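Here's the structure, in structure tokens; my notes come after.
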Amino acid sequence: MCGSRTIVCSAAAYADARAAEAGLPVVRFHALRHGHATIGGEEGVPLKVMSERLGHSSSRITADTYSQVTAATDRAAAAQIAAAIDGQLP
């Protein structure tokens, strides 16, 4: 039941139908926000920029709620730390 969210529900139903026609999985719109924030973080987009793009009142909301640590991000962090350690050892 959509109530006052009829336009949002109609858009979601339209997107779901087009995805089904194309043989694609159905993705909830809100999941796209999470993906947007995660990809932005992986690509080095500054947190403040991502926060503003998502319309958040604080960067903390973006950091705590929407960004995810992916396997690629974790590998990159490990490589950075290893490089720093290697550079400091005799």
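Read-outs: derived from the displayed coordinates by stated rules, not from any lab. Please read these numbers as outputs of a predicted model, since none were measured by experiment. Cβ sites come from the backbone with ideal geometry, for glycine too, and all protein chains shown count toward neighbours.
Table for the structure above
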read-out	value
Placed amide H near Gln68: partners under 5 Å, 5+ positions off or other chain	Thr38
From phi via Karplus (6.51, -1.76, 1.60), per-residue ³J(HN,Hα) for segment 22-30 in Hz, x at Gly/Pro	8, x, 9, x, 7, 10, 5, 3, 5
Theoretical ellipticity at 222 nm over the chain - DSSP helices of four or more residues, -39500 (n - 2.57) apiece, nearest 500	-20000 deg cm²/dmol
Dipole in debye (nearest 20) - the chain, about Cα centre, beta carbon charges: Lys, Arg +1; Asp, Glu -1	340
In Hz, Karplus ³J(HN,Hα) per residue of segment 73-79 (6.51, -1.76, 1.60; θ = phi - 60°; x = Gly, Pro)	5, 5, 4, 5, 5, 4, 5
Principal-axis tilt of helix 6-21 within the chain, Cα atoms, nearest 10 degrees	80
Sparse-neighbour loop sites [GluC sites (Glu not before Pro); segment 14-70; at most 16 other C-beta within 10 Å; DSSP]	Glu43
Local electrostatic count at Ser51 - Lys and Arg +1, Asp and Glu -1, tallied over other residues with Cβ under 13 Å	+2
